[in-house]
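Report on the following structure.
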Amino acid sequence: MEIKNNRLSGDNVKPFVEAHAYDKKSIIKPDAIIIHYTAGASGAATVNLFKASSATTSAHFVVSEDGSITQMVDLNRRAYHAGTSSYGGRSGYNSFSIGIEISNPGYLQKIGGKYYTWWEAKKDNKTATPESKVFTGKHRNAVTTMTYWYKYTDEQIAAVKELCRTICKTFEIKEILGHEEIAPGRKCDPGPAFPLDALRDEIFAQSSTLSISDMFKNAISKSAASSLVVGKASVKLNFRQGPSSTAPLKSSPMAAGTYIYIIGQDSTKEWYNILHEITGWIDKEFIEQDNTDSEYDGELKTDNAMLYSDCKKSRRLVSDLKAGTKFNIIEQQENMFRIKAVVEGWACAKYITKEA
Ligand SMILES: [Zn+2]
């Protein structure tokens, strides 16, 4: 795939079809990609919907079930896909983002042991979704209680990945976000069936692969680091306090694609003892700040300190940080520091691929 003059071309790219509704006056310089699902029955149906003179919304791309891509708005034009949106202090994502709509029916309703798309659920004579197409998983947004989702095809996931990569080569893309992240109260697309975290890790890790050992340079001496084995989580990976699937979780699972250091193995060789870098918020009172010119900004004074997801302590990330853990301070609030620390724990070896 390649992009020239704001148009995509390549093997799996269909001819351009112009959307009806988009901003034909202003020129944009996109630095974000927003991923959506169409909540529709097919890619062709969505292309027709965006093309119709009754359309009020649009997106730059529609990705069909077979992985083929139809572009509908030039990449320097504002499409109408994000709506009221904000994230990380910015709002109005249509003005600086590229919208990718993946053809997918979205959440499924479970009725009498069977699963239905939102439109089938309304019918008297319902056609159920085959079980092989049902993805079960909780949504990242707490407001959404939906548990069943229509699976994306492998072709779609591969096509979206390649499309994002191609866009990143042409534009300076800072973020790839789900519609659910920029409009969390009202949107839940692309939902948990889409591997958004893995996609982000993969795309953004490519530019930072060289600094894997740098990531851990503050945890261990450089000479020790050079003899350690770097591994990568091949799936969303549980990080545990001990080498057993019943051992308590050490933190929220790490995303697929996360780099870790392997420092040992248990006797069954099924578990790796690993180092994993975690960022979170911690009470200032537990910290001894180091104002010398060392590589660390501080050290933990007490055992069992908690690391939280934010400075309001909404969610615990780690419950048992050990005294002596060294870290860097990234940001501070009145009583809390946001720190980056390397935490030791265990993970299942079969889900970790060793990096050469
Ligand atoms: Zn959307």
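Of note:
- Dimensions of segment 60-111 from C-alpha coordinates, computed as largest minus smallest value along each principal axis and given longest first, are 39, 27, 15 Å.
- Calculated P(r) tail over 14 Å for segment 286-341, as whole % of Cα pairs: 52 percent
- One quarter of the surface of the convex hull around the alpha-carbon atoms of segment 57-156 equals 8.3 nm², the direction-averaged projected area.
- Computed about its Cα centre, the charge dipole of segment 28-187 is approximately 400 debye, with only Lys, Arg, Asp and Glu carrying charge at their Cβ.
- Flagged links, alpha-carbon separation over 18 Å, of LYS301/LYS340; LYS24/LYS161; LYS232/LYS313; LYS250/LYS284: LYS24/LYS161; LYS232/LYS313; LYS250/LYS284
- Averaging Cα coordinates gives a centre for segment 38-82 and one for segment 275-322; these two points are 45 Å apart.
- Selected from LYS122, LYS133, LYS110 as most flexible by GNM, with the chain as the system and alpha-carbon contacts under 10 Å: LYS122
- For the chain, projected area of the alpha-carbon convex hull averaged over all directions, nm²: 21.6 nm²
- Segment 125-201: chymotrypsin sites (Phe, Trp or Tyr not before Pro) in DSSP coil with no more than 11 other Cβ atoms inside 10 Å: none
- Overall Cα dimensions of segment 211-354 - principal axes, largest extent first, Å: 44, 34, 24
- Applying a DSSP loop filter and a limit of 16 other Cβ atoms within 10 Å to the chymotrypsin sites (Phe, Trp or Tyr not before Pro) in segment 1-37 leaves PHE16.
- Only Lys, Arg, Asp and Glu carry charge here, each on its Cβ (+1 for the first two, -1 for the last two); on that basis segment 211-354 has a dipole of about 720 debye about its Cα centre.
- Candidate aspartates and glutamates for bridging to LYS51, where Cα separation is under 15 Å - those fewer than 8 sequence places away on the same chain excluded: GLU18, ASP23, ASP74, GLU101
Values quoted throughout were computed directly from the atomic coordinates according to the rules given, and no laboratory measurement underlies them. Note that the coordinates shown come from a computational prediction; the quantities given were computed from them, not determined experimentally. A quick note on method: Cβ atoms are made from the backbone with ideal geometry, for glycine too, and the neighbour counts reach across all protein chains shown.
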